[in-house]
Structures are given as C-alpha cells and as structure tokens.
Amino acid sequence: DQQVKQNSPSLSVQEGRISILNCDYTNSTFDYFLWYKKYPAEGPTFLISISSIKDKNEDGRFTVFLNKSAKHLSLHIVPSQPGDSAVYFCAASAGTALIFGKGTTLSVSS
Amino acid sequence: DAGITQSPRHKVTETGTPVTLRCHQTENHRYMYWYRQDPGHGLRLIHYSYGVKDTDKGEVSDGYSVSRSKTEDFLLTLESATSSQTSVYFCAISRTSGGAYNEQFFGPGTRLTVL
C-alpha cells in the first residue's frame, strides 16, 4: 500500500501563475518531508523540505505547507516559470530511508 | 553539486548476465543508497549503506546485492539480470543519519536495459 501518494499525475499552468502540487501520506510517524524536482535524463534535485513540527517553509518562489491533521502537504510555486517544467516528487523520511510518491509532471507554458 | 558520479551511464545487457553498477562520491558521507525509478512507481529503495561493509535491504532488494569496501564507493550487482530489472538506477548520498534533515542528494543515474 502506498504510504506517500501524489494523486495528480500531471499539472499544466501558465507562466506567472501559481502552481500547486499536492501530496498525501498515511503514516503519522513520518517526521520530515521533502520535495524533489527531476528533469529528463538527470537525477532528482532537492528542492525544499519541512519538519513535522512546522506548518510552512518558504524558499524564494517555493513554499511548502504541511497539514498534519489531514496528513497532507503541498508545494506552491509563485510565480511559475517555464524552467519549472519537470517531474516533482514528494518524499517522507522514515528513519534512514526516504519514501517517494510517484511524481507529478508540471508543465508551465509561456 | 553533491560530488556523485555513476558508471556506466547507459548499459544494455542480456538476460542472465551479471551486471555491476558503480556509485562514487567525493564528499566522504556515511550514508549511500541505491534506488530504481520506473514509470508509475516513482523511486523505490533497493539497498542502502550506513558505513563501510554495513548495508541493509530496501523495499525492492530481491535480485540485487551491494557492497561497500570504501567510504567513497557503493556497488550494486545484479547477479543474473532479468528483463524486470530494466530501469533507471539512481545512487544517493545523505549527510545525516535520517529523520529530520534527511536530505538525500542524487547522482545522474544509470539507464539499464536487459534484453
């Protein structure tokens, strides 16, 4: 059973608008959450993270929100740029390992 | 740049042959990981290492073995490759021991095709 779920396989957004990528998890013991971005033929790159003791973390155009009661986190990208077009993976820290969602492909059109 | 290289970057092999993939890091980090990425599955952990000669299994370890004789190198071996092991393999390193602040940094990947 999937412990980290990204239910939207794809998202299309216009340049300058907000992109919101969503992630749900089932295990309440997860204590750290991360977002990675992946371009074709490259390895995933770390984007932003949040500890379970916080509900928001911001880094430039990227903000991650965590709702522990709903077991839900989201990544907001404002404003979206064409270079943001990539696959975004949500991950949860479970001890030493990371558990990844299946990814959401973001397409930002100019 | 986390100083991770993977070799080879691409490999085509035949069913039943042994294959070894290499991950090399220049950062001297204790933790190293092997993942595979397949369509519809995201990234799944195969094996990981928490020090020289210290390894453990991940979610999808069947058919794979690993070795770590030096801090900087982590090898993934397919003893007898099968078509189901056609995938993109990523190595990762971690600067911390897990839990909070467990950011992992990934190599460029190895695309393996088993015919």
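The values are calculated or read from the model by the stated rules, or taken from the named source; none is laboratory data. Bear in mind the structure is a predicted one, so any value in this text is a computation, not a measurement. Using ideal geometry, Cβ is built from the backbone for each residue, glycine included, and neighbour counts are taken over all protein chains shown. Accessible surface is based on the protein model in full, side chains and every heavy atom, while ligands, DNA and RNA are left aside. Shrake-Rupley method; radii C 1.70, N 1.55, O 1.52, S 1.80 Å.
Checking the conditions here, which among A:109, A:19, A:12, A:8 is open to solvent by 40 Å² or more (accessible area, probe 1.4 Å), away from chain B (no Cβ under 13 Å) and touching a helix residue (DSSP H, G or I) at 6+ places or on another chain (Cβ under 8 Å)?
Details: A:19 fails: open to solvent by 40 Å² or more (accessible area, probe 1.4 Å); A:12 fails: touching a helix residue (DSSP H, G or I) at 6+ places or on another chain (Cβ under 8 Å); A:8 fails: touching a helix residue (DSSP H, G or I) at 6+ places or on another chain (Cβ under 8 Å).
Selected residue: A:109, the only one of A:109, A:19, A:12, A:8 that is open to solvent by 40 Å² or more (accessible area, probe 1.4 Å), away from chain B (no Cβ under 13 Å) and touching a helix residue (DSSP H, G or I) at 6+ places or on another chain (Cβ under 8 Å).
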Considering segment B:5-17, residues that are open to solvent by 20 Å² or more (accessible area, probe 1.4 Å) and part of a strand (DSSP E or B), and then whichever is nearest to residue A:10 (Cα to Cα), we arrive at B:10
Residues satisfying the stated conditions in segment B:33-52, i.e. in a strand (DSSP E or B), small (Gly, Ala, Ser) and at the interface with another protein chain (Cβ under 8 Å from one of its Cβ atoms): B:42
For the subset of segment B:33-47 comprising residues that are of a type in the set (A, V, I, L, M) and either at pLDDT 95 or above or open to solvent by 10 Å² or more (accessible area, probe 1.4 Å) (or both), which member is nearest to residue A:3 (Cα to Cα)? B:45
Sort through B:113, B:20, B:77 and tell me the only one that's surrounded by fewer than 21 Cβ atoms within 10 Å (Cβ to Cβ), more than 15 Å from the chain's Cα centre (by Cα) and part of a strand (DSSP E or B). B:113
Top-ranked residue of segment B:87-98 - restricted to ones that are within 20 Å of residue A:33 (Cα to Cα) and open to solvent by 10 Å² or more (accessible area, probe 1.4 Å), ranked as modelled with the lowest pLDDT: B:98
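Only residues that are surrounded by fewer than 21 Cβ atoms within 10 Å (Cβ to Cβ) and either more than 18 Å from residue B:49 (Cα to Cα) or without any contact (Cβ under 8 Å) to a residue 40 or more places away in the chain (or both): list them for segment B:60-74, please.
Step one: of segment B:60-74, the residues surrounded by fewer than 21 Cβ atoms within 10 Å (Cβ to Cβ) are B:60-65, B:67-73.
Of everything in segment B:60-74, those that are surrounded by fewer than 21 Cβ atoms within 10 Å (Cβ to Cβ) and either more than 18 Å from residue B:49 (Cα to Cα) or without any contact (Cβ under 8 Å) to a residue 40 or more places away in the chain (or both) turn out to be B:60, B:61, B:62, B:63, B:64, B:65, B:67, B:68, B:69, B:70.
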Any chance you could count how many residues in segment A:77-106 are within 11 Å of chain B (Cβ to nearest Cβ), open to solvent by less than 10 Å² (accessible area, probe 1.4 Å) and of a type in the set (Val, Ile, Thr)? 1
Go through the residues of segment A:46-66 one by one and say whether even a single one is without any contact (Cβ under 8 Å) to a residue 12 or more places away in the chain and closer than 21 Å to residue A:109 by Cβ. no
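Is it true that residue A:37 is surrounded by fewer than 19 Cβ atoms within 10 Å (Cβ to Cβ) and either of a type in the set (Phe, Trp, Tyr) or without any contact (Cβ under 8 Å) to a residue 60 or more places away in the chain (or both)? Steps first, please.
Working: surrounded by fewer than 19 Cβ atoms within 10 Å (Cβ to Cβ): no; either of a type in the set (Phe, Trp, Tyr) or without any contact (Cβ under 8 Å) to a residue 60 or more places away in the chain (or both): yes.
No; evaluated as a whole, the condition is false for this residue.
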Are there any pairs, at least 6 apart or on different chains, whose C-beta atoms fall under 8 Å, with the first in segment A:78-102 and closer than 24 Å to residue A:16 by Cβ and free of Cβ contacts under 8 Å to residues at least 60 places away in the same chain and the second open to solvent by less than 20 Å² (accessible area, probe 1.4 Å) and part of a strand (DSSP E or B), and if so, which? A:83/A:108; A:85/A:106; A:85/A:108; A:86/A:106; A:87/A:104; A:87/A:106
Taking residue B:84 as the residue in question, decide whether it is under 24 Å from residue A:9 (Cα atoms) and surrounded by fewer than 19 Cβ atoms within 10 Å (Cβ to Cβ). yes
Set B:44, B:30: member being charged (D, E, K, R), touching a residue at least 60 places away in the same chain (Cβ under 8 Å) and on the phi < 0 side of the Ramachandran plot: B:30
Residues that are over 21 Å from residue B:58 (Cβ atoms) and not in a strand (DSSP E or B): does segment A:92-104 have at least one? no
